[in-house]
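First comes the structure, then the notes that go with it.
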Amino acid sequence: NDLSKALRPNYLPGDSLDLKIVKQGKEDTQGVGYLSDGTMVVVEEGSEYVGSELPVIVTGALQTSAGRMIFAKPEASVMA
């Protein structure tokens, strides 16, 4: 368990990554994607990109009992 935590990539607010949005989130405007280690990434304003890969900017992260969640926004909406 400690080894898997040590190998898990750390993303900080402002970091950029390419992410495939695989499904709609709980809110109408959210999209959800997953990192290669299974970490869920919730993308605000990402619902219109379901099925697409896009660059996103990390806005925050949350450690829960079930694992880690990362929050992000599409890079285009941050730059606008």
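The values are calculated or read from the model by the stated rules, or taken from the named source; none is laboratory data. Note that the structure is predicted; figures quoted are calculated from it, not measured. Reconstructed Cβ throughout: ideal geometry from the backbone, glycine too, with neighbour counts over all protein chains shown. To get the accessible areas, we keep the full protein, side chains included, count just its heavy atoms, and leave off ligands, DNA and RNA. Shrake-Rupley method; radii C 1.70, N 1.55, O 1.52, S 1.80 Å.
Go through (1) free of Cβ contacts under 8 Å to residues at least 40 places away in the same chain; (2) over 11 Å from F71 (Cβ atoms) for L19 and report which single condition fails.
(1)
Residues E45, E27, E75: which one is loosely packed, with under 15 Cβ neighbours inside 10 Å and at pLDDT 90 or above?
E27
Yes or no: the stretch 40-53 includes at least one residue that is touching a helix residue (DSSP H, G or I) at 6+ places or on another chain (Cβ under 6 Å) and at negative phi.
no
Mind counting the residues in the stretch 55-66 that are more than 13 Å from V32 (Cβ to Cβ) and open to solvent by less than 60 Å² (accessible area, probe 1.4 Å)?
Of the residues in that region, 5 qualify.
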